[in-house]
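Notes to accompany the following structure.
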Amino acid sequence: MPKLIHVQLNEVNFDVVKQYVERYPLPAFKQLLSRFSSFETYSEDRYEQLEPWIQWVSAHTGLTYAEHRVFRLGDIASTSLPQIFELLESRGLRVGALSPINARNELKHPAYFVPDPWTQTRSDGSAFSERFTRMLRQTVNDNSTQRISARSVATLCEAALRSLRFPGSGCLFSLIARSPGRPWIKALVLDQLIHLVHLMLLNRTRPDVSFVFLNAGAHIQHHYFFNSKLSHKAMRNPQWYVHPDVDPVHDMLKAYDRMLADYLAMEAQGCRVIVATGLTQVPYERVKFYYRLKDHAAFLSRLGIRFSNVLPRMTRDFEVTFQDAEAAQECKRRLQSLRMQRDGQGLFNEIEDRGESLFVTLTYPAEISEKDAAIDDGGVAVPYFGRQVAFVAIKNGMHSGKGFVFLSPGLAGKVPAEPMHVASLFRLTLDAAS
């Protein structure tokens, strides 16, 4: 039995959870809210700094953004910031981590380590973790085009078969059966699989401390908050996007309730449990479309851009590396010149210059049709630009710096009297594991 399990329910809004608990049977959430001690966290003041890959770095290092300066997803890999994982290991504890966002694997003898799908860091080196890491990277980064490779399918089946001994495997197959025509369920399928793999690794490796990161809640709030039956906002999603009678937020909470029940069962046997959200989301105020390039390398090559490598990041973002700064500047100039022919709005209005690399965001906010063309100062640059991108979602949720932390009864003495910066999770976790 682990000494401590740190469950990271990324961005889940517990103000909304409380409303659902009052109206629907969610026994694990009800127990969490009634038995566990809790406090709120706060984060950075500037909205552009309210990103999970910033806040969870704070939670893993004990540093605010102004101190750690890790602004982009994946950037932790190029730092030497001490993280909680290595510090726990240095205290003689065996540590496991499953998909911790923007975290670097520096463990000498991990019980297990599977990185998030976007950060270029090594897994624990076991054959299964290597396969699971490759599967996560392929399925998550190709999600907008709904492409799953044969190798990923094999790994998904392997993970499902390995977890058949655990009760949650029935929930996995139930979610899979419900997923056709319900894209938000696919995110829950992946989180349920991560949860089952986590149970399997806990049982097999017996770590002292374990971290598991679950992201479907953030994804569903971000893309389907307007469909919440308990939402008081006037904004609603169009029917072609999601049927007005369904409630993806409720679906998410039911799936998470079953997962939480497994961790509460471990807590009842003596394991300490921390549940934290990092930050949270609230409903957005206007309509904004998200698109993602289908093939980043092919798109850049079509524009005649010379580059060394391109790394897709979350949703609209990608990073391009070059042999020299001159090539990076030419790419930046080219991308900045691109705009939509029908309205003149820029396509890539956020480009961070890093010398020999660029971090780029596809920012165009309106609906894109297949026939839409991209132009630059020389005329049509990309006819049928709409064929080069995949629709991701309509933005429904926006980030809030407020976060929630729940501590099992054995940790009640560690609850602060006032809200604390999310970086305080670092010291709290260290103390809870002792």
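The values are calculated or read from the model by the stated rules, or taken from the named source; none is laboratory data. What you are looking at is a predicted structure, and each value in this text was computed from that prediction instead of being measured. Glycine gets a Cβ as well: all are built from the backbone with ideal geometry, and neighbour counts include every protein chain shown.
A compact table of results
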item	result
Whichever residue in the range 65-87 is of a type outside the set (A, V, I, L, M, F, W, C) and in contact with a helix residue (DSSP H, G or I) (Cβ under 6 Å, 6 or more places away or on another chain) and, among such residues, is surrounded by the fewest Cβ atoms within 10 Å (Cβ to Cβ)	HIS68
LYS288 being of a type in the set (Lys, Arg) and at pLDDT below 95	yes
Selection within the range 152-173 - modelled with pLDDT under 90 and among the charged types (D, E, K, R)	ARG162, ARG165
Hits in the range 32-58 - residues which are polar (S, T, N, Q) and either touching a Ser or Thr at 6+ places or on another chain (Cβ under 7 Å) or surrounded by 17 or more Cβ atoms within 10 Å (Cβ to Cβ) (or both)	THR41, SER43, GLN55, SER58
Looking only at the range 306-320, and only at residues there that are over 28 Å from HIS219 (Cα atoms) and of a type outside the set (Phe, Trp, Tyr), the one that is modelled with the lowest pLDDT	ARG306
Of all residues in the range 121-151 being in a loop (DSSP other than H, G, I, E, B), modelled with pLDDT under 95 and within 18 Å of the chain's Cα centre (by Cα), the one that is nearest to TRP53 (Cα to Cα)	ASP142
Close pairs (7 angstrom Cβ cut-off, 6 or more residues apart or separate chains): in the same structural domain as PRO183 (by TED's automatic domain parsing) in the range 139-160, among the charged types (D, E, K, R) and assigned to a loop (DSSP other than H, G, I, E, B) anywhere	THR145/LYS294
Selection within the range 111-120 - assigned to a loop (DSSP other than H, G, I, E, B), buried (at least 21 other Cβ atoms within 10 Å of the Cβ) and in contact (Cβ under 8 Å) with a residue 24 or more places away in the chain	ALA111, ASP116, PRO117, TRP118, THR119
Qualifying residue in the range 215-222 (condition: farther than 27 Å from GLY96 by Cβ and either of a type in the set (D, E, K, R) or surrounded by fewer than 24 Cβ atoms within 10 Å (Cβ to Cβ) (or both))	yes
Checking PHE348 against (1) more than 19 Å from ASN309 (Cα to Cα); (2) in contact (Cβ under 8 Å) with a residue 12 or more places away in the chain; (3) in contact with a Ser or Thr (Cβ under 9 Å, 6 or more places away or on another chain); (4) of a type outside the set (Val, Ile, Thr), the condition it does not meet	(1)
Test: GLY92 is over 23 Å from GLY62 (Cβ atoms) and assigned by TED's automatic domain parsing to the domain that holds ASN10	no
Index of the failed condition, VAL114 passing every other in (1) closer than 23 Å to ALA255 by Cβ; (2) touching a Pro at 6+ places or on another chain (Cβ under 6 Å); (3) modelled with pLDDT of 95 or more	(2)
Residue check for PHE359: in a strand (DSSP E or B) and farther than 30 Å from GLN323 by Cα	no
